[in-house]
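Structure first, then comments.
Each value in this text was obtained by applying a stated rule to the coordinates, not by laboratory testing. Here the structure is a predicted model, which is why all the values come from computation and not from measurement. Cβ: placed from backbone, ideal geometry, glycine included. Neighbour counts: every protein chain shown.
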Amino acid sequence: MTIQSTTLPNGLRVITDTVPTVESVALGVWCDVGTRHENMTHNGVAHMVEHMMFNGTPTRSAQDIVSEIESVGGQMNAYTSREVTAYYVHLLKEDTEKAIDVISDMMQRPTFPDSEIEKERGVIVQEIGMTNDTPDDLVFDLYQETAYPDQALGAPILGTAEIVEGMKKQTMFDYVESFYTPQNLVLSASGNLDHDQFVKWSEQYFNALPSDKKRESLHANYKGGECRTIKNLEQSHVVLGFQGIHKSHDKYYAAILLSTILGGGMSSRLFQEVREKRGLVYSTYASHSAYVDDGQFEIYAGTGPEKLPELMPVICDELKKIAAEKVGSEELERAKSQLRAGILMGRESMLSRVNRQAKHLIHFDENVSISSIIEKIDAISTDDIQEIATQIFKGKPTLSALGALDKLEDFDVLEQRLAA
């Protein structure tokens, strides 16, 4: 068995995936905390902490941290999502202990120097500005806020410029002490390594984590509705979405396959009907995003404003059609092949493997084998697709639109069209 897991005496979970045929190891710490766990008055703290964790410890400067990894040819990075924050390294197998040393020091002994805080404020404000200048990103932030109003799950991951500029050092320290605790962390590694040796190093270096604290997380409260933002753009950007299903739902992979059939590539229904047949868009796709207790099914389209009167009825027709009529077995098998291929080809990347197994352990508290996932995908029937389509598309929609929108139909007309 290549995947093994061990819980250290302090409660830190360690999971490894041994791949003896490669020369590298990807490893890192995945934290079961993200934007949805923030106090709304401190929106953006998860992301700001992610930046600040690279900015020094009592024995390493910010430059020391990256230099130790890059001096041996390694790479390090991090990301913040709505439910997970991750810090990871990819380097040669002989430098595995060095990576554990550096990552553990960052995670347990951050100093958050005042000069670095001010620098990172500026960097993040620039990042917020870049998102605001990227309409196909901004429209999704506006969508999320509309789907989940007045709650952290609907807040932007980056926060707002006003909150970031006023973020106090103590707020960041309090956040780390509250959430970067053993019960919320997974140390994950994939590559050419030995599990027992990796566990020994983990226990040696991860010996100063803060004590676990009780954590409360508010349940997702989907509302739906619309958000229209007029902006002088060449294209109009539209996201039409619905409440989806959570990660543990028995129809989870049916929802993923539904999104693939509708808008998962150039052979998908939306691409063929909306772009290839009618020439209404340059870009359109569908996706399903799952959380631990809820989910989102989203359809994106970017089009010229004059195409909106024709575009929206066509999208609605495709949604109603897939809920009313069973997909063909050939179409379902093509979607399954796409999904299987994506999962299996991801196994060729150590970073993909280490990320997947860490999140599985966080969300399901167990090792989830690739073979079991493939079995679930293979078992999905045309009835399952129709059932999940009917469930999702009968719910209240969420519409987010950005650009020139005078030709975009009213929300109540859209609702009536979907219900007809």
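Computed over the chain with a Gaussian network model linking Cα atoms closer than 10 Å, the most mobile of Gly154, Gly166, Gly44 is Gly166.
Taking loop as defined by DSSP and a crowding limit of 10 other beta carbons within 10 Å, which GluC sites (Glu not before Pro) in the stretch 145-243 fit?
On the way: sites: Glu145, Glu162, Glu165, Glu177, Glu203, Glu216, Glu226, Glu234; in loops: Glu216, Glu234.
The qualifying sites are Glu216, Glu234.
The lysines whose alpha-carbon is closer than 20 Å to the alpha-carbon of Lys200, local same-chain residues fewer than 8 away aside, are Lys93, Lys98. With Cα atoms as the point set, the radius of gyration and Dmax of the chain evaluate to 22.7, 65 Å.
Charges were assigned to the Cβ only: +1 to each Lys and Arg, -1 to each Asp and Glu. The resulting dipole of the stretch 364-420 about its Cα centre is roughly 220 debye. Dipole magnitude for the stretch 50-121: about 140 debye, using +1 per Lys or Arg Cβ and -1 per Asp or Glu Cβ, origin at the Cα centre. The packing ranking of peptides 284-294, 126-136, highest mean first, is 284-294, 126-136, where packing means the average number of other beta carbon atoms within 10 angstrom of each residue. Across the options Ile69, Val354, Gly44, the greatest Cα extent toward the positive end of the charge dipole of the chain (unit charges at beta carbon of Lys, Arg, Asp, Glu) belongs to Val354.
Mind checking which aspartates and glutamates have their C-alpha under 20 Å from Lys223, skipping anything on the same chain fewer than 8 residues away? In chain and number order, the partners are Glu38, Glu83, Asp141, Glu145, Asp150, Asp293, Asp294, Glu298, Asp410, Asp412, Glu415.
Taking the stretch 350-394, which GluC sites (Glu not before Pro) meet the DSSP loop condition and have no more than 13 other C-beta atoms within 10 Å? When the GluC sites (Glu not before Pro) of the stretch 350-394 are filtered for loop state and at most 13 Cβ neighbours within 10 Å, Glu366 remain.
Computed from label points 7 Å out along Cα-Cβ, the spacing between Ser211 and Ser81 is 3.2 nm. The radius of gyration of the Cα set in the stretch 225-419, together with its Dmax, comes out at 17.5, 51 angstrom. Axis angle, to the nearest 10 degrees, between helix 96-108 and the longest C-alpha principal axis of the chain: 80 degrees.
Could you calculate the FRET efficiency of Arg340 with Ser283 from 1/(1 + (r/R0)^6), where r is the beta carbon distance between them and R0 is 30 Å, rounded to 0.05? Working shown, then result.
Values: r = 25 Å, r/R0 = 0.83.
That gives a FRET efficiency of 0.75.
Using only alpha carbons, the stretch 33-84 has a radius of gyration to Kirkwood radius ratio (Rg to Rh) of 1.09. The separation of the stretch 204-258 from the stretch 351-420, counted between C-alpha centres, amounts to 11 Å. Put the Cα centre of the stretch 164-201 next to the Cα centre of the stretch 81-127 and the gap is 10 Å.
Using the Cα centre as the reference, give the magnitude of the dipole from point charges on the C-beta atoms of the chain (Lys, Arg: +1; Asp, Glu: -1; all else neutral), rounded to the nearest 20 debye.
Values: 40 positive and 63 negative charges, 117 e Å.
The dipole magnitude comes to about 560 debye.
Here the spin labels are modelled as points 7 Å beyond Cα on the Cα-Cβ line, and at Asp365 and Thr171 they lie 3.2 nm apart.
Placing +1 on the Cβ of each Lys and Arg and -1 on the Cβ of each Asp and Glu in the stretch 3-205, which of Val89, Ser5, Thr146 has its Cα farthest towards the positive end of the resulting dipole? Projecting each Cα onto the dipole axis, the largest value belongs to Ser5.
Between helix 252-263 and the chain there is an angle of about 50 degrees, using the helix long axis and the longest principal axis of the Cα atoms. Could you state the angle between the C-alpha long axis of helix 308-324 and the longest principal axis of the C-alpha atoms of the chain, as a value from 0 to 90 degrees rounded to the nearest 10? For 308-324 against the chain, the angle is about 80 degrees. Given a cut-off of under 8 Å on Cα pairs at least six residues apart, what relative contact order in percent is computed for the chain? Worked out over the chain, it gives 21 percent.
Computing FRET efficiency as 1/(1 + (r/R0)^6) for Gln183 and Thr134, where r is the C-beta to C-beta distance and R0 is 30 Å, gives about 0.25.
Only one residue of Gly263, Met345, Gln235 has its Cα farthest out toward the positive end of the dipole of the chain, where Lys and Arg carry +1 and Asp and Glu -1 on Cβ, and that residue is Gly263.
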